[in-house]
Amino acid sequence: KENFLEKLGKRAHQMYRDITSFITFIGHLFYAFFHTLLKPKDIRFKETIYHIHQSGFNAIIIIALTSFLVGMVISYQGSVQLAKFGADIFIVDTVALSITRELGPMITAIVIAGRSGSAYTAEIGAMKITEEIAAMRTMGFDPYTFLVLPRVIALMVALPLLIFFADIIGIFGGMVAAKMQLGISMNLFIERLYEILEVKH
């Protein structure tokens, strides 16, 4: 039976190996990225567009649904408390700032990590098991340039757009709940939104 120190040592060694692997991966990725910057013809545009469609466009529905419901919940919960103090209009501040600064990006990141991240892991893991990656190396192709970089560039393009979309849908959900719960009209909500939601948010 393993004692406490042995378990601790094994976990520490495993953590060290994981960190080393992660740093190595980041190093390979940056090398591939700078290599493609110097030789733009090596960028695989077709695969990048395919992954933008798979990771970005196909995730719109689930992100929209999640953001809309979160916006509604925040607005509903906030309105109950704010109505007690007669500060109904501040529900716009609560919804707009919390969605744009925190919850929109977080919801998008969680959905993409769970959906696209796991899909990438499964695809590349299957290629590793069937030794396709080893075959690519044997033929002189860099797996980071061919497999990793198109997916990373696709996420770099898709994520900001998805976050912006999640912000809009989340605020719309809050607007609907504010109309139902507090009777704040959509025109009034949008006017207040112009006042408090600056570009920096």
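For the residues Thr20, Thr36, Thr66, the requirement of being surrounded by 14 or more Cβ atoms within 10 Å (Cβ to Cβ), farther than 30 Å from Phe172 by Cα and of a type in the set (Ser, Thr, Tyr) singles out Thr36.
Annotation: Lys1 fulfils all but one of (1) surrounded by 10 or more Cβ atoms within 10 Å (Cβ to Cβ); (2) not in a helix (DSSP H, G or I); the unmet one is (1). Tell me whether segment 169-192 contains one or more residues that are surrounded by 14 or more Cβ atoms within 10 Å (Cβ to Cβ), touching a residue at least 60 places away in the same chain (Cβ under 8 Å), charged (D, E, K, R) and closer than 28 Å to Gly117 by Cα. The answer is no, given that none of the residues of segment 169-192 is surrounded by 14 or more Cβ atoms within 10 Å (Cβ to Cβ), touching a residue at least 60 places away in the same chain (Cβ under 8 Å), charged (D, E, K, R) and closer than 28 Å to Gly117 by Cα.
A search for C-beta distances below 7 Å between a residue of segment 140-154 that is within 9 Å of Arg44 (Cβ to Cβ) and touching a residue at least 24 places away in the same chain (Cβ under 8 Å) and any residue that is small (Gly, Ala, Ser) and in a helix (DSSP H, G or I), counting only pairs 6+ apart in sequence or on different chains, returns Thr145/Ala32; Leu149/Ala32.
Matching residues to (1) charged (D, E, K, R); (2) farther than 19 Å from Ser185 by Cα; (3) not in a helix (DSSP H, G or I):
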| position | (1), (2), (3) |
| --- | --- |
| Phe68 | no, no, no |
| Val73 | no, no, no |
| Ala83 | no, no, no |
| Ile89 | no, no, no |
| Asp93 | yes, no, no |
| Ala96 | no, no, no |
| Thr100 | no, yes, no |
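Only residues that are free of Cβ contacts under 8 Å to residues at least 12 places away in the same chain and closer than 14 Å to Ile171 by Cβ: list them for segment 89-127, please. The answer is Glu102, and nothing else. Identify, from the list Ala122, Ala166, Ala135, the residue that is open to solvent by less than 20 Å² (accessible area, probe 1.4 Å) and aliphatic (A, V, I, L, M). Going through Ala122, Ala166, Ala135 in turn, the sole match is Ala166.
The values are calculated or read from the model by the stated rules, or taken from the named source; none is laboratory data. Quick caveat: nothing in here was measured; it's all calculated off a predicted structure. Ideal geometry is used to build each Cβ from the backbone, glycine not excepted, and the neighbour counts take in all protein chains shown. Quick note on the areas: whole protein, heavy atoms, side chains included, nothing else; ligands and nucleic acids left out. Shrake-Rupley method; radii C 1.70, N 1.55, O 1.52, S 1.80 Å.
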